[in-house]
Each structure stands twice: as structure tokens, then as C-alpha cells.
Amino acid sequence: MAREVRLVLIAAGVVAFLGTISLLLWLSPAKVQESGTTFKALEPVDVRRVLISNEVDTLDISYTGEGYRVDDIPAELVDMDEFIDLLTSCSKVHAQRTVAEAPQNVALYGLDVPTARAEITYADGSTLTLHIGDTERVTGDVYVSIGDDPAVYLMEAERCAGFLLPKKAYVEDLVTPRLALSSPLSALLTVTLSGGVLAEPVTIEAVAAGDPDLARAALSFGAPTHILRGKGTYELDQTYGVATLGSLLGITATDIVGYGLTPEQINAFGFDQPTMKVAFDLKNGIDAQVEHYDLVILHKDDAFYLTCNDNGVIYAVEEPAFLHIEYSKLLVRWFLSPLLLDVREIELIVGSEVHTFTVTGETSSEQQVAYNGEHFDIERFRDLYRLLTSAEHDGRLLENVEVTGSPLLKLTYHYRDQQKRPDTMALYPADARRLYVQINGVTELAIRETYLERVNRAVETLWTDEPIETEW
């Protein structure tokens, strides 16, 4: 079955849908009198066939009774803006002025061998043949002739532009939709990146997506909007996330390398060994449907290429910002920062000493805490809690780190939600006044040794009036 581009006709306030792929043609309510010569003054929907041949390509557009077939371009890939512009140029054919009524030498205007030729057929059965010649040097407008008329006319360049394009210019060059919300993180639900500079795949998930397991994972970080899953699980740094993940949206091709390609042809181009793969789910508006995109990026011969959703198109694109995404910058600098209201017990092991804090109370004003079974001042405990949750990495990603022996410190958060697994942070000796940090069994970051010193001092002075220092 032929694939067709179908129009939405607007007449007398009634909208008639002529197919699943719709093109909106706004008809101007007012007619502006133009000077010059008008050859056709119809509406775009009155165009029935356009056959174009130019220096680079041929293009055959035909109306089948239900919609328009744009040569061999699948309907879902047609660039609607270019298509509308072309039909408009075909339906409203107007020259600004007559240059010569019957020139002896049309070669002076490039019309002996026209740059392009367009044969247009209309709904009323009439036809028009447009020949396009050279560009007039002063105005930039174009010399044209019409059918067998010997005269040479000057036509606005904009009216001729669509006839000069290669066929692939009518393939949509907007690869991914432009952002319709205030922030890309409001639209992106899940993003998985693999390859490129990433040693391992990384997945970013929106907590608001509604997955209960995801909501439980987010409890480790208080109230984050997105969490990051790589080797470990972390909160996403929103500033860096917006700067890099935002480049997934509004990707526009600089060229269409090819369309209607088979998987074998795409792989032969080099996509069998891609540079990076990105999959993401997008809800680009409050009432929008969730859309899924699979992007495959290839860096080849100092250029960048991309495929999207296996649609058979290879796009040439500018270098995407997300290609250089840095895993370490995606992480919020704090390791674990749960809200105290979500915690029921904290176990802190320093050396051989075990310190257990049990938290009760449904609201902040009702909260009480017991230390190893004995009542403890809640305000002093909150100072300690601020210190414990201030643990942050130094920004350097570690590779192939192995820790052995007993940790210098082990901190475990137990949650009110019984289905939420406890979170554990353990510190081990490193070098240069740093400590390796193991979060839930994953060691890939470090912390300054000063943090351990502050925690040790706080534990030593728990039952005194000495202030607990939370800055380190």
C-alpha cells in the first residue's frame, strides 16, 4: 500500500481529516493585490501533481485521492514545512515583473538549459510548466519562463527555492522533538547511555515516573527528581544533567545521508560499531503521550552521524554535547542524604564501637531519638545527622579499587519503609589524606579524611555540651 501525506483542509470552519499524517494549511482570509504577473492563484490543496527535475534530482509528488505521495519518501519522514512551502509555491505562481517579452537569446538568463523544470497539474485539469534559470545579480531574484510563453520573467527567489532542492531535502531533518517544557529533566523520564567516554552504561530515571521501586531507591537521597544508576546508585546533579541531557532534544540534521535504508546498509556505513547508543522515554508536555527514542551515534571521518528508531535514515549532525558526558559530573556530590523522617534507625560503627540511634515520631515536632536504648537530645542528634549526611566525594572517579579489612567507619541507614533496603557507607584507608568510600558495596569515589576526623570527635563528645562541628 502506498504511503501518503494527507492534508487537513480548513473550509467554512470545518476541519476534515484526510488521514493519519496531517498537514495544516492555513488559508489567508484576505487577498493582497500583487503587482506583476500572476499565472496561478489557487490554494495548495488544489495541486494534484508536481514533477520536478533539477540539477541534482527528480521529485514526483502526486495526489492519490486520499492524500499526497511524495516520491519514495515514507509519509512519516516527510518534512511538512518544506512540503507545505512547495505546494504553496505551486499554487501561487507569480512573477514580479517581465524582463523581456521575446528575447533573442534566452541563454543570457540561463533558460537555454534551465536549472530546474517543474510540471504542475491542478484540480481543475489545468497545467503549468515552470522553467527556472539564473539568479539576477543585483536583487538575488530568479529568471523564469512559463510553458511555451517566450517571455522572461523575474520571480522572487523564495518562490523558486523548493524547485531547486534535492529530493532528500524533503525528508524531515528534525530528528528528536524540541523541548516543550521549561526543563529537559521535566520531559525526560528515563535515559540510558552506553559507549562513548562511558566505561559502563548509565541510566537516569525520573522519580516522578511513578515506579514504587524507583521511589524507594530515591529515599536514599531525600527528595530527588532523578536518580542515576551506574556501578552504584546516586542522585543526579541537575545542573550538569540539564546541560548535557538537554542536547538529546531538538537534534536537527545538517544533511540526510540516505533514507529507506536496510539494516544491512546502515551497518555497512559503520553503525555495526557505533560510538554511542542512547535510549530515552519522553513525555514532552503535561498531556503528552510517552514517546520512546533509540539513538545510535557514529563518529566517522571527523563527522558525526545518527540513526533514530530504526527508521532507515542516516542523519549527519553536529557533534552532540551528550557524546562527551562525564559520569563523575552526573553525580550529586553527597553520597547518601535521606530525610530524617524516612529513617527509623542509624547504626554507626567507628573502630570497634557500635552506636545505634533509633528514631520515633511521625512528624518533625514529634521526633524523639534513643541512643543505644537510652533517650538522647533530639536537637543534638540532628546536628550529628547533618554531619553524617554531609559526606561528599571529591569529584575524582576511581577505577579498579579493591578494599580489604575492616572499615574505619561504617554507617547504615534503616528506613521506615520495610521494603526499602538499608543503605550502607563504609570508609577505608586510601592515600594523600583521602579515604575510599564504599556505598552499598560499590567503591568508585573518595572523600577527604577530615570527614572521619569530625565524626570521631562528634562520637567522643556525644554526651557533652561541646558543639558538633558539621563543617569539614
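Points worth noting:
- Under-5 Å amide H pairs with Phe304, H placed in peptide plane, nonlocal only: Val317
- Unit charges at the beta carbon, dipole of the chain: most positive-side option, Leu339, Gly395, Val144: Leu339
- Among Gly196, Ile325, Ala426 - extreme Cα towards positive end, dipole of the chain, charges at beta-carbon: Ala426
- Under 18 Å of direct C-alpha separation, and excluding same-chain neighbours fewer than eight residues apart, Lys300 reaches these aspartates and glutamates: Asp255, Glu264, Asp272, Glu318, Glu319.
- Calculated accessible area for region 276-374 comes out at 49 Å² per residue, all protein chains present (probe 1.4 Å; ligands, DNA, RNA ignored).
- Region 351-472, accessible surface, carbon-and-sulfur percent (1.4 angstrom probe): 44 percent
- The dipole here belongs to the chain: it is taken about the Cα centre, uses +1 on the Cβ of Lys and Arg and -1 on the Cβ of Asp and Glu, and is about 360 debye.
- Estimated from helical segments only, the mean residue ellipticity of the chain at 222 nm is -3500 deg cm²/dmol, where each DSSP H run of four or more residues counts as -39500 (n - 2.57).
- Rolling a 1.4 Å probe over the protein heavy atoms of region 149-292, with every protein chain left in place, gives an accessible area that is 52 percent carbon and sulfur.
- Restricting region 337-428 to GluC sites (Glu not before Pro) that sit in a DSSP loop and have at most 10 other Cβ atoms within 10 Å of their own Cβ leaves Glu362, Glu366, Glu399, Glu402.
- Per residue, in Å², the accessible surface of region 381-422 once ligands and nucleic acids are set aside, probe 1.4 Å: 57 Å²
- J(HN,Hα) series, region 392-406, from Karplus relation 6.51 cos²θ - 1.76 cosθ + 1.60, nearest Hz, glycine and proline x: 9, 7, 9, x, 9, 7, 9, 10, 6, 8, 10, 10, 9, x, 7
- Note that region 248-254 has calculated 3J(HN,Hα) couplings of 6, 9, x, 5, 10, 6, 7 Hz, one per residue in order, obtained from phi through the Karplus relation 6.51 cos²θ - 1.76 cosθ + 1.60 (θ = phi - 60°); glycine and proline are x.
- Per residue accessible area in Å² of region 117-270, where ligands, DNA and RNA are left out and the probe is 1.4 Å: 44 Å²
- Net charge of the neighbourhood of Asp294, taken over other residues with C-beta under 12 Å away and scored Lys/Arg +1, Asp/Glu -1, is -2.
- Hits among lysines - C-alpha to C-alpha of Lys410 under 27 Å, sequence gap 8 or more where chains match: Lys231, Lys329, Lys420
- Its Cα centre serving as origin, region 227-371 has a Cβ charge dipole (Lys and Arg +1, Asp and Glu -1) of approximately 180 debye.
- A simple charge model with +1 on the Cβ of Lys and Arg, -1 on the Cβ of Asp and Glu and nothing else charged puts the dipole of region 79-214 at about 260 debye relative to its Cα centre.
- Dipole of the chain computed with +1 at Lys/Arg Cβ and -1 at Asp/Glu Cβ about the Cα centre; of His414, Gly232, Leu261, farthest Cα towards the positive end is His414.
The values are calculated or read from the model by the stated rules, or taken from the named source; none is laboratory data. Note that this is a predicted model, so its numbers are computed, not measured. FYI the Cβ positions are ideal-geometry reconstructions off the backbone, even for glycines, and counts take in every protein chain you see. In case anyone asks, the SASA skips ligands and DNA or RNA and just uses the protein heavy atoms, side chains included. Shrake-Rupley method; radii C 1.70, N 1.55, O 1.52, S 1.80 Å.
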